[in-house]
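Shown next, in structure tokens, is the structure this report addresses.
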Amino acid sequence: MKHTTRMVEVRTKVLKENDVAARAMRERFRRDGVFVVSIVSSPGSGKTAFLERTLVTLRERYRTAALVGDLATENDAQRLARSGVPVKQILTGTVCHLEADMVSRALENWDHGPLDFLFIENVGNLVCPASYDLGEDLRLLLFSVTEGEDKPLKYPTIFNTADIAIISKMDLAEAVEFDLQAARQSIQAVRPGMEIIELSSKSGKGMDRWIEYLIARRNEV
Amino acid sequence: MHELSIALSILDIVEEEAERLGATRVTAVHLKIGLLSGIVPEALQSAFDLIKEGTSFAAAQLVIQELPIIINCPTCAAERPIESIQNFICQTCSTPCNDVVSGRQLEVSALEIEAS
């Protein structure tokens, strides 16, 4: 039997299933009036401290909850639970990022009541989460002054997919001789027009500007 | 390192399409990857070669076409490549721009198949 090879056009998105799941969640969030923020960062950038402070601040006026992705431990979720808002952990096992269906499954059977804000803390990783839409309204990238000004140039893809950059641990900026101007330039080089907010979760300086920005973005929806 | 899970998704697509097309053999899988997709082509190639072994698609070669990042430059009023992934400025006029029109793709574009 003679075989002939032929080329057939397929044009199928590799992440189509993730995209479909993300779209369905986005529609649901919109219907329920929930503004969803996902947070990506390196390990140790101060993500949990930042989120804890954010949750405590918002709690007074808004119904808020958080989903926390972590490889193996529940330490972050336990710490965040102290803020008094509903917190749920997603243990990803060996998976280095969250995918839309993991978020979707975590939301099932979770009775958090009506929400104004939902935060999704991704696994600490500046590579893999870039490719996965989680149905969020805002993707926030957090990096700390201890990581160096050129971090955006090392991880341009994830910086480019983010909507806002938060520079954390500003209380340590002087001690580590952090060059804020250079950091801002690096961010603008890989993501022109990106909103940048510097703050310290420890002292609270800069938090008010972040909360103002967040509420303004929610009101736009 | 999420190229392994991406490779598995590609294999799922190949399996689905091969069945739909009545292919008896798949000799090549053509993939388009934008430079802004977050995928490292070499890592994906290795991952695909690893997981195809022992499947009915062991003969399939993964052929990767990398696509540049193209922006819609407001100054040139035209689609232009950017300077580099570390510098989102128009290659022609140096205007900073983040209006990306191409470069995020991650898709199986075509299959080379044999059908009886």
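The values are calculated or read from the model by the stated rules, or taken from the named source; none is laboratory data. Small disclaimer: the values here were computed from a predicted structure and weren't measured. Cβ coordinates were reconstructed from backbone atoms using ideal geometry, including for glycine residues, and neighbour counts include every protein chain displayed. Accessible surface is based on the protein model in full, side chains and every heavy atom, while ligands, DNA and RNA are left aside. Shrake-Rupley method; radii C 1.70, N 1.55, O 1.52, S 1.80 Å.
Points worth noting:
- Distance in nm between pseudo-label sites at A:ARG209 and A:VAL95 (7 Å out along the Cβ direction from Cα): 3.6 nm
- In order along the stretch B:111-116, the Karplus-derived 3J(HN,Hα) couplings, from 6.51 cos²θ - 1.76 cosθ + 1.60 at θ = phi - 60°, round to 10, 9, 10, 10, 10, 7 Hz, and Gly and Pro are given as x.
- Taking the C-alpha atoms of the stretch A:158-198, convex hull volume expressed per residue in Å³: 64 Å³
- For the pair A:ARG82 and A:ASP163, the difference between a 0.36 nm per residue extended length and the Cα-Cα distance amounts to 26.4 nm.
- Distance violations [Cα-Cα > 30 Å] among A:LYS16/A:LYS169; A:LYS47/B:LYS52; A:LYS16/A:LYS154: A:LYS16/A:LYS169; A:LYS47/B:LYS52
- Per-residue 3J(HN,Hα) values for the stretch A:98-106, derived from phi via the Karplus relation 6.51 cos²θ - 1.76 cosθ + 1.60 with θ = phi - 60°, read 8, 10, 4, 6, 5, 5, 4, 5, 5 Hz in sequence order (x marks Gly and Pro).
- Look at the Cα gyration tensor of chain A: its axes a ≥ b ≥ c give a/c of at least 1.5 with a/b at or below b/c, and that counts as oblate.
- Residues whose placed amide H lies under 5 Å from that of A:ASP179, excluding near-sequence neighbours: A:GLU149
- Amide H to amide H distances under 5 Å link B:LEU106 with A:VAL14, B:GLY34, where only residues 5 or more positions off or on other chains count and H is placed in the peptide plane.
- Converting phi to 3J(HN,Hα) with the Karplus coefficients 6.51, -1.76 and 1.60 and the offset θ = phi - 60°, the stretch A:19-35 yields 4, 5, 5, 5, 5, 4, 5, 4, 4, 5, 4, 4, 4, 7, x, 9, 9 Hz in sequence order, with x at every glycine or proline.
- Here the spin labels are modelled as points 7 Å beyond Cα on the Cα-Cβ line, and at A:GLN185 and A:HIS3 they lie 5.8 nm apart.
- Packing, as the average of other Cβ atoms within 10 Å across residues, places the peptides B:13-26, A:41-54 in the order A:41-54, B:13-26, highest first.
- Amide N proximity, the stretch B:57-75 versus B:CYS93 label position 7 Å along Cα-to-Cβ, cut-off under 16 Å: B:71-75
- Axis angle, to the nearest 10 degrees, between helix A:47-59 and the longest C-alpha principal axis of chain A: 70 degrees.
- Helix A:180-190 and the long axis of chain A differ in direction by around 20°, with both axes built from C-alpha atoms.
- Per residue value of the accessible surface for the stretch A:16-220 (all protein chains in place, 1.4 Å probe), Å²: 43 Å²
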